[in-house]
Amino acid sequence: NAGVTQTPKFRVLKTGQSMTLLCAQDMNHEYMYWYRQDPGMGLRLIHYSVGEGTTAKGEVPDGYNVSRLKKQNFLLGLESAAPSQTSVYFCASGRQGVVNTEAFFGQGTRLTVV
Amino acid sequence: TQLLEQSPQFLSIQEGENLTVYCNSSSVFSSLQWYRQEPGEGPVLLVTVVTGGEVKKLKRLTFQFGDARKDSSLHITAAQPGDTGLYLCAGRNYGGSQGNLIFGKGTKLSVKP
């Protein structure tokens, strides 16, 4: 069972470069999320999607864009990377319509911006 | 922006001790979840509480949802080294988008043998 797969697992970017993080889930989940995790800050929600073709801003959306063209994929883009975006990024997915739906997480992408 | 405040931020105890971790907010939540995260891994769900006053037990772990659905606690009895990890609470705001899942900053627990 693949579950939630994030690509790549590690990346080093120079300031100003762009990149896209890919998240794929094979559980037919409606909900997908992108979080960043920094020391002492827990998980902060960047953007989320409640279905194919829809996205919404979370707590810390600035500097990021997302797209959900296919139900199974949720892309996170950094147009012009900044050192402040150095973090571990987690993608998660969950079922729709259930108040206690579980979020299933990928293993994370460790991004360093130099 | 609703906030989930977790306390304590760090906890280091000896094997066999009991401990309680708290998750508090000024907002009402439709549900609260507790996740555990180990180094290099994504968080994994431990439990979901939905009803105000609800208590759930998972072996040596006891979870409680406050009557007003604004807070929750996690109590571990006779902690083991295997309980070491980052414990995160997460909530979905009441009446809002069910897709908006917010996490607290976490409690980092270390249980020494």
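What follows draws every value from the coordinates through simple rules; no lab data is involved. Predicted model, so just to flag it, every value in this text is computed and none were measured. Because the Cβ atoms are built from the backbone with ideal geometry, glycine has one as well, and the counts that use them run over all protein chains shown.
Let me check I've understood the local charge: for B:Ala79, count other residues with C-beta under 10 angstrom from its C-beta, Lys and Arg +1, Asp and Glu -1. What total comes out? The answer is -1. Among residues other than A:Phe105 with Cβ under 12 Å from its Cβ, the summed charge is -2 (Lys and Arg +1, Asp and Glu -1). For chain B, the extents of the C-alpha atoms along the principal axes are 44, 29, 20 Å, listed from largest to smallest.
Each Lys and Arg contributes +1 and each Asp and Glu -1, all at the Cβ; summed about the Cα centre of the protein assembly as shown, the dipole is approximately 240 debye.
Annotation for A:Ala2 and A:Gln72: the two label points, set 7 Å from Cα along the Cα-Cβ direction, are 0.6 nm apart. Volume per residue for the protein assembly as shown equals 118 cubic angstrom (convex hull of Cα atoms). Between A:Arg95 and A:Ala82, the distance separating the two model label sites (each 7 Å from Cα on the Cα→Cβ line) works out to 4.0 nm. The DSSP beta bridges internal to the protein assembly as shown are antiparallel in roughly 90% of cases.
Placing pseudo-labels 7 Å out from each Cα toward the beta carbon at B:Ser27 and A:Gln17 gives an inter-label distance of 3.5 nm.
Can you tell me the FRET efficiency between B:Glu15 and A:Asn28 if r is taken as the Cβ-Cβ distance and R0 is 30 Å, rounded to the nearest 0.05? Intermediate results must be reported in sequence, preceding the final value.
On the way: r = 42 Å, r/R0 = 1.40.
Between B:Glu15 and A:Asn28 the formula returns 0.10.
A:Ser87 sits among other residues whose Cβ lies under 15 Å from its own Cβ, and their net charge, with Lys and Arg +1 and Asp and Glu -1, is +3. Under 1.5 on a/c is rounded, so check that first for region A:24-63, then, if it is not, pick prolate when a/b is larger than b/c and oblate when it is not; a ≥ b ≥ c are the square roots of the alpha carbon gyration tensor eigenvalues. Taking the square roots of the gyration eigenvalues as a ≥ b ≥ c, region A:24-63 is oblate.
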